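Undergrad: What follows is a structure written as structure tokens; I'll ask about it next.
Since every read-out is calculated from the coordinates, none of them should be taken as a lab result. Given the structure is predicted, the values throughout are model-derived calculations rather than measurements.
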């Protein structure tokens, strides 16, 4: 599902009538707010829905398949969503 399809679904679910562009703008604002909240607090909980949280991936050593040279992949942070048991 891309952003435009999500905007169409959002527009159908709300009671107000507005354009797809306005729905996309509202989705963008929500995602920006969510991103800022995750950065400041480390996790965002939605009751009965799930949790967005930051995970730190560990550094690891891999080998290049062509040259067999060992390379180090540095640690990085990713966002994970864990669904609640009621959503499953």
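Undergrad: What relative contact order, as a whole-number percentage, does the stretch 42-88 give when Cα pairs under 8 Å and 6 or more residues apart are counted?
TA: Values: 76 pairs, mean separation 20.1, N = 47.
Value for the stretch 42-88: 43 percent.
Undergrad: Debye sum, Cα scatterers, the chain, no solvent: what log₁₀ I/I(0) at q = 0.17, 0.20, 0.26 1/Å?
TA: -0.90, -1.02, -1.20
Undergrad: Based only on Cα atoms, what mean projected area does the convex hull of the stretch 42-88 have, in nm²?
TA: That works out to 4.6 nm².
Undergrad: Sticking with this structure for a sec: Could you work out how much longer the chain between residue 31 and residue 69 gets when fully extended? Use 0.36 nm per residue separation minus the Cα distance between them, nm to one decimal.
TA: Values: separation 38, 0.36 × 38 = 13.68 nm, distance 3.95 nm.
Taking residue 31 through residue 69 to full extension adds about 9.7 nm, to one decimal.
Undergrad: How far is helix 3-13 tilted, in degrees, relative to the longest principal axis of the Cα atoms in the chain, given as a value from 0 to 90 rounded to the nearest 10?
TA: Value to nearest ten degrees: 30.
Undergrad: Once every DSSP H run of n ≥ 4 in the chain is given -39500 (n - 2.57) and the sum is divided by its residues, what mean residue ellipticity at 222 nm do you get, rounded to the nearest 500 deg cm²/dmol?
TA: It comes out at -12500 deg cm²/dmol, rounded to the nearest 500.
Undergrad: How big is the Cα convex hull of the stretch 1-41 in projection, averaged over all directions, in nm²?
TA: Averaging across all directions leaves 3.2 nm² for the Cα convex hull.
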